[in-house]
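Notes to accompany the following structure.
The values are calculated or read from the model by the stated rules, or taken from the named source; none is laboratory data. Computed from a prediction, not measured in an experiment: that's the story for all the values here. Here Cβ is always computed from backbone atoms with ideal geometry, including for glycine, and neighbour counts include all displayed protein chains.
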Amino acid sequence: MGENYYYYDGLKTLTSNIEGKQIVYCGVLPMAKMATGDWVRLIVYPLIFDEEIKSRGGSATAKYVFLVPDWDSDEIDPLGKNPFYLRPKGRVYKYQLDPEGCHENRALHWSSIFQEDVTIATEGHAQIDMELISASSLLSEHSFVNILRAALTEPEPIIALSEEIFGEEDPTEGRSILAGPVCRQCKYSAGEMEYIKDWDRIQYSCARCGNVQEADITEQEYWVQSEILEAAALSVIAPTLKIMRDNADNVNRDSIVSRIVNINATDHGNGLDRLVVPFVDSERGGQSIKELMEFAREWDKPHAELA
Ligand SMILES: [Zn+2]
Ligand SMILES: [Zn+2]
């Protein structure tokens with residue numbers, strides 16, 4: 001059974017017990033400028049974790065994996081407070097413009113900046129083995145496609161799961177859509193799809209430009225609701241440890257993501273350990289990674305504030 005390890009004390013306990021290769025899932029990269037709290041979760045704790053296992057000199061090694069949510073989008077219409085009540089109306093991050101015009105798209109912009117920032121911030125530290133995985137690169141993976149297919153063709157059980165966690169609301173005016181193809185012509189995800197079950201193919205009519213496309217499920221691109229996209233990616237990444245933030249929202253997200261990962265899994269083993277890190281606010285911002293690593297060794301509560 002997976003266990004939760006809290007803050008620095010938990011990290012020390014965890015690193016004193018582990019052996020062998022660890023796949024540490026650090027989370028989804030923000031598609032915006034990172035705040036101090038993001039740095040703490042995405043870089044500060046992985047670096048401390050890495051320092052601890054290296055200083056123990058045991059057999060443990062770790063690779064740190066980050067998800068680039070290029071098939072997610074903020075161009076959606078929410079249909080209620082439950083984050084699974086929604087419809088897509090625009091483009092996924094992979095097809096949104098780079099806000100500063102220096103990269104091909106918004107997903108590439110923020111993931112490149114993240115990598116550059118990490119390189120600068122970790123100067124003088126031992127190299128860490130990290131990998132950024134784009135959700136769109138996982139379409140050749142069986143477990144990813146299984147979850148995607150469920151979201152595209154049978155959303156009801158997933159919506160029911162979400163209602164157990166986020167609550168059920170009065171019926172909204174529109175039916176929730178949890179995933180849908182990206183139009184090959186205009187790159188929007190706003191249209192009607194039909195699943196051709198016998199052939200595992202999707203036919204899609206774009207409501208924006210009128211394009212009609214039909215192809216195998218693994219030959220199209222998609223918009224996918226955030227937690228489902230993360231669950232599909234995690235089914236491939238198969239981490240041994242997940243770093244997560246300590247607040248009710250994240251605990252709910254974590255819980256639905258794990259349940260979706262297991263929706264199609266034959267073995268329902270849940271050996272995933274979690275390193276729970278505090279929620280950090282910083283009014284001023286601008287602390288160096290080194291400073292944050294020192295502070296992080298003192299934090300022992302769900303919420304930390306930096307002056
Ligand atoms: Zn750019
Ligand atoms: Zn179109």
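Only one residue in I43, I23 is of a type in the set (V, I, T) and in contact with a Ser or Thr (Cβ under 6 Å, 6 or more places away or on another chain). Which one? Even if it seems obvious, please write down each step before you answer.
Details: I43 fails: in contact with a Ser or Thr (Cβ under 6 Å, 6 or more places away or on another chain).
Sole residue among the options that is of a type in the set (V, I, T) and in contact with a Ser or Thr (Cβ under 6 Å, 6 or more places away or on another chain): I23.
Can you confirm whether A190 is farther than 17 Å from D216 by Cα and within 16 Å of ligand 2 (Cβ to nearest atom)?
yes
Only residues in the stretch 50-73 that are of a type in the set (K, R) count as the first member; pair them with residues that are surrounded by fewer than 22 Cβ atoms within 10 Å (Cβ to Cβ) and in a helix (DSSP H, G or I), Cβ under 9 angstrom, at least 6 apart or cross-chain, and list the lot.
Between residues of the stretch 50-73 that are of a type in the set (K, R) and residues that are surrounded by fewer than 22 Cβ atoms within 10 Å (Cβ to Cβ) and in a helix (DSSP H, G or I), the close pairs are R56/S16.
N270 passes all but one of (1) at pLDDT below 90; (2) buried (at least 17 other Cβ atoms within 10 Å of the Cβ); (3) not small (G, A, S); which number fails?
Going through the list (1) at pLDDT below 90; (2) buried (at least 17 other Cβ atoms within 10 Å of the Cβ); (3) not small (G, A, S), N270 breaks only (2).
List the helices (runs of 4 or more DSSP H) that sit entirely inside the stretch 210-302 and contain at least 1 residues that are within 25 Å of I133 (Cα to Cα), free of Cβ contacts under 8 Å to residues at least 40 places away in the same chain and among the small types (G, A, S).
248-261
Please go through (1) in contact with a helix residue (DSSP H, G or I) (Cβ under 9 Å, 6 or more places away or on another chain); (2) away from ligand 2 (no atom under 16 Å from the Cβ) for I202 and return the number of the only condition it doesn't satisfy.
The number of the failed condition is (2).
Among the residues of the stretch 176-199, write down those that are in contact (Cβ under 8 Å) with a residue 40 or more places away in the chain and part of a loop (DSSP other than H, G, I, E, B).
S176, I177, L178, V182, K187, Y188, S189, A190, listed by residue number.
Would you mind telling me which numbered condition in (1) assigned to a helix (DSSP H, G or I); (2) within 16 Å of ligand 1 (Cβ to nearest atom); (3) surrounded by 16 or more Cβ atoms within 10 Å (Cβ to Cβ) L148 fails?
Unmet for L148, out of (1) assigned to a helix (DSSP H, G or I); (2) within 16 Å of ligand 1 (Cβ to nearest atom); (3) surrounded by 16 or more Cβ atoms within 10 Å (Cβ to Cβ): (2).
Across the stretch 76-111, what is the total count of residues that are within 15 Å of ligand 1 (Cβ to nearest atom) and in contact with a helix residue (DSSP H, G or I) (Cβ under 6 Å, 6 or more places away or on another chain)?
Number satisfying all stated conditions: 8.
Report every pair of residues separated by at least 6 positions or lying on different chains whose Cβ atoms are under 8 Å apart, first residue within the stretch 98-114 and of a type in the set (K, R), second part of a helix (DSSP H, G or I) and within 16 Å of ligand 2 (Cβ to nearest atom).
Qualifying pairs under 8 Å: R106/K94.
Under 18 Å from the mean Cα position of the chain (by Cα), aliphatic (A, V, I, L, M) and farther than 30 Å from L97 by Cβ: which single residue out of I158, I133 fits that description?
I158
Residues to consider are A135, A107, A121; find the one that is touching a Phe, Trp or Tyr at 6+ places or on another chain (Cβ under 6 Å) and either exposed (fewer than 15 other Cβ atoms within 10 Å of the Cβ) or closer than 30 Å to K290 by Cα (or both).
Exactly one of A135, A107, A121 is touching a Phe, Trp or Tyr at 6+ places or on another chain (Cβ under 6 Å) and either exposed (fewer than 15 other Cβ atoms within 10 Å of the Cβ) or closer than 30 Å to K290 by Cα (or both), namely A107.
Taking H125 as the residue in question, decide whether it is within 16 Å of ligand 1 (Cβ to nearest atom) and assigned to a loop (DSSP other than H, G, I, E, B).
Judged against the criteria, H125 is not a match.
For V236, state whether it is under 30 Å from F49 (Cα atoms), β-branched (V, I, T) and at pLDDT below 95.
So V236 fails the test.
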